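These notes are about the structure you will find just below.
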Amino acid sequence: MEDILILAIESSCDETAASVVKNGREVLSNVISSQIDIHTLYGGVVPEIASRKHTERINQVVNEALIQANVTMEDITAIAVTYGPGLVGALLVGVSFAKGLSWAYDKPLIGVHHIEGHISANFIDNKELKPPFICLVVSGGHSHLVKVKDYGEYEILGRTRDDAAGEAFDKVARVIGLGYPGGPKIDKVSNEGNPHAIEFPRAKVADNEYDFSFSGLKSAVLNYLNNLNMKGEEYNQADVAASFQQAVVDVLVSHSMTAVSEYGFDKFAIAGGVASNSHLREALKKACEERGVEFYMPTPIMCTDNAAMIGCAAYYEYLKGHRSGMDLNAVPNLRLGER
């Protein structure tokens, strides 16, 4: 069988990324141009700046991906691109560039769902993993608990009702003086704190035990800090970070293990930016071991936004015969399972 080489492009937020993926699971190149230093100045991602930087960098990033993979456009089987969800301007840069390449080189075009890409990152780092399994997707914009029924076939068991886990990390990090990006900074400083110093609430959603809500937890942290401020008392930054993080981890682990038990799955995976959190990884690994469940997690670099995961997801779409037309557009609020 002839090798299938996918050139993948990812530009949904503030990373301009391109990758060449061979037969779905072998990454020949994975180039990521990050904008973190720029957005740190503003305390978060500025959509207009992100779009401009994508425009400036996408050509160089794609060329570098081809060079590192030691291939040319003639060798490429198909072109894949994230078309949603994400920042609409950022998505449009990637989609427009991919459509241009598809038309110029007469290559099939495959639009990929960003969350499907995150889930597929597990296939790259765990060659033996195959559906079905339960996957927890936790990132800056998403908290999803998903039943992965087959490649490209999903059932959403639970999703965030308000703030996603990563969004809560960023907001709490900002108010306790850690800055952006909040996730890695809270993960690091919490090592010096007591995770049980402050008992913040663990929210449950009444009508769906698998849905998430982190807005109340964020408010509880703000109220705690405001009360101390009004009394003129100091707070321990590491203790607040560790206690907040423990509350998030407890909820994510509890929901995940309830789903694994109820549906009788023996495989569980995590994905998304927050999946690189060391405390979450350790807690889920321990919980899975206690239940005899196989635990899968991508390497930290594969948890971030990257194009290799998009190439992996696109491979299975390609095998199914799914193709996108020149009318492919950015869909900022695209839901998992929609096409």
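Taken together, the values in this text are just the output of simple stated rules run on the coordinates, not laboratory data. This is a predicted model, so every value here is computed, not measured.
Just to be sure I follow: if Rg is taken over the C-alpha atoms of the range 68-172 and Rh is the Kirkwood radius over the same atoms, what is Rg/Rh?
Looking at the range 68-172, the ratio lands at 1.03.
Which whole-number value in Å³ per residue fits the convex hull of the alpha carbons of the range 133-297?
Here the figure is 105 Å³ per residue.
Pairs of alpha-carbon atoms within less than 8 angstrom and 6+ residues apart define the contacts here; what relative contact order does the range 133-297 have, in percent?
Relative contact order for the range 133-297 comes out at 27 percent.
May I ask for the distance between the Cα centers of the range 157-177 and the range 186-240, given as a whole number of Å?
Cα centres, the range 157-177 to the range 186-240: 11 Å.
Quick one: helix 47-69 against the long Cα principal axis of the chain, what's the angle to the nearest 10°, folded into 0 to 90?
Relative to the chain, helix 47-69 is tipped by roughly 50 degrees.
Would you mind classifying the range 254-339 by shape? Square roots of the alpha carbon gyration tensor eigenvalues, ordered a ≥ b ≥ c; an a/c under 1.5 is rounded, otherwise it is prolate if a/b is larger than b/c and oblate if not.
prolate
Treating the angle as unsigned and between 0 and 90°, give the value, to the nearest 10°, between the Cα long axis of helix 237-263 and the longest Cα principal axis of the chain.
That helix lies at roughly 60 degrees to the long axis.
With the contact rule set at Cα under 8 Å and sequence spacing of 6 or more, what percent relative contact order holds for the chain?
24
Please report the relative contact order for the range 237-306, taking Cα pairs under 8 Å with a sequence separation of at least 6, and give it as a percent rounded to a whole number.
Answer for the range 237-306 is 35 percent.
Express in nm, to one decimal, how much length is gained between Gln68 and Ser34 on full extension, taking 0.36 nm for each residue of separation and deducting their alpha carbon distance.
10.4 nm
Using alpha carbons only, how many degrees (0 to 90, rounded to 10) separate the axis of helix 308-319 from the longest principal axis of the chain?
On a 0 to 90 degree scale, this one is about 50.
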